[in-house]
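Read the structure below first, then the notes.
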Amino acid sequence: NAGVTQTPKFRVLKTGQSMTLLCAQDMNHEYMYWYRQDPGMGLRLIHYSVGEGTTAKGEVPDGYNVSRLKKQNFLLGLESAAPSQTSVYFCASSFYEKLFFGSGTQLSVL
Amino acid sequence: QQQVKQSPQSLIVQKGGISIINCAYENTAFDYFPWYQQFPGKGPALLIAIRPDVSEKKEGRFTISFNKSAKQFSLHIMDSQPGDSATYFCAATYPPNDYKLSFGAGTTVTVRA
């Protein structure tokens, strides 16, 4: 039972480069979320989706875009990476209030 | 600006001791208060949760104490074990809010054998 799977696990980018983080869940959950985790700041919500074809902004959406073309997948894109986007990114899906997290993507922007 | 303030940032406890982590909130609309546990290299996982209609919830060695009037809640880890060494996050949400959680900053707990 895979749960929530994130790819890649690690990535190093140069400033200005773009990339897409992929999240896949096999629990048939409607709600999906992207969080970033930074030391001393906990987890902050970037964007989220309440169902296939929907997206909404979270707490820190600037510099990121998302898409939810299929119910099981939620993509997070960085169009022009900046050093401030160096972080650990977590995807989650929810069953009511209970969130299920993936194991994270560690992103470094040089 | 974090809606949930968590303390301490870190703590060290001896095996068998009690670990206590505190959280405070301002938004009185919050009605669900979970704690998540995160091991290094892993994503957070739900540990225990409480709603404001009860003052305490216990699951094994983990207990949430909730004080609605003070707008505070805390996690107590009894008989702490080395396997409890992890980062703990408190969080809160309210309906209808698409189940979006506001997280505290996290507490790193180290249990010394």
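The values are calculated or read from the model by the stated rules, or taken from the named source; none is laboratory data. Predicted, not measured: the structure shown is a model, and the values here were computed from it. Positions of Cβ are backbone-derived with ideal geometry, glycine not excepted, and every protein chain shown enters the neighbour counts. Calculation scope for accessible area: heavy atoms of the full protein, side chains included, ligands and nucleic acids excluded. Shrake-Rupley method; radii C 1.70, N 1.55, O 1.52, S 1.80 Å.
Cross-link check: pairs A:9/B:58; A:9/A:57; A:14/A:98; B:5/B:42; A:71/B:58; A:9/A:70 evaluated at a Cα-Cα cut-off of 30 Å; pairs beyond the cut-off: A:9/B:58; A:14/A:98; A:71/B:58. In the full protein context, chain B carries 49 Å² of accessible surface per residue, based on a 1.4 Å probe and ignoring ligands, DNA and RNA. Taking all Cα pairs closer than 8 Å and separated by 6 or more residues, the relative contact order of chain A comes to 36 percent.
Within chain B, the ratio Rg/Rh, alpha carbon atoms throughout and Rh by Kirkwood, equals 0.96. The interface between chain A and chain B buries about 1700 Å² of solvent-accessible area in total (1.4 Å probe, ligands and nucleic acids excluded). Taking all Cα pairs closer than 8 Å and separated by 6 or more residues, the relative contact order of chain B comes to 38 percent.
Sort A:32-44, B:26-38, A:11-23 for me by packing, meaning the mean count of neighbouring Cβ atoms within 10 Å per residue, highest on top.
Values: A:32-44: 20.8, B:26-38: 17.7, A:11-23: 14.8.
Packing order, densest peptide first, comes out as A:32-44, B:26-38, A:11-23.
Between the alpha-carbon centres of the range A:52-110 and the range B:1-47 there is a gap of 22 Å.
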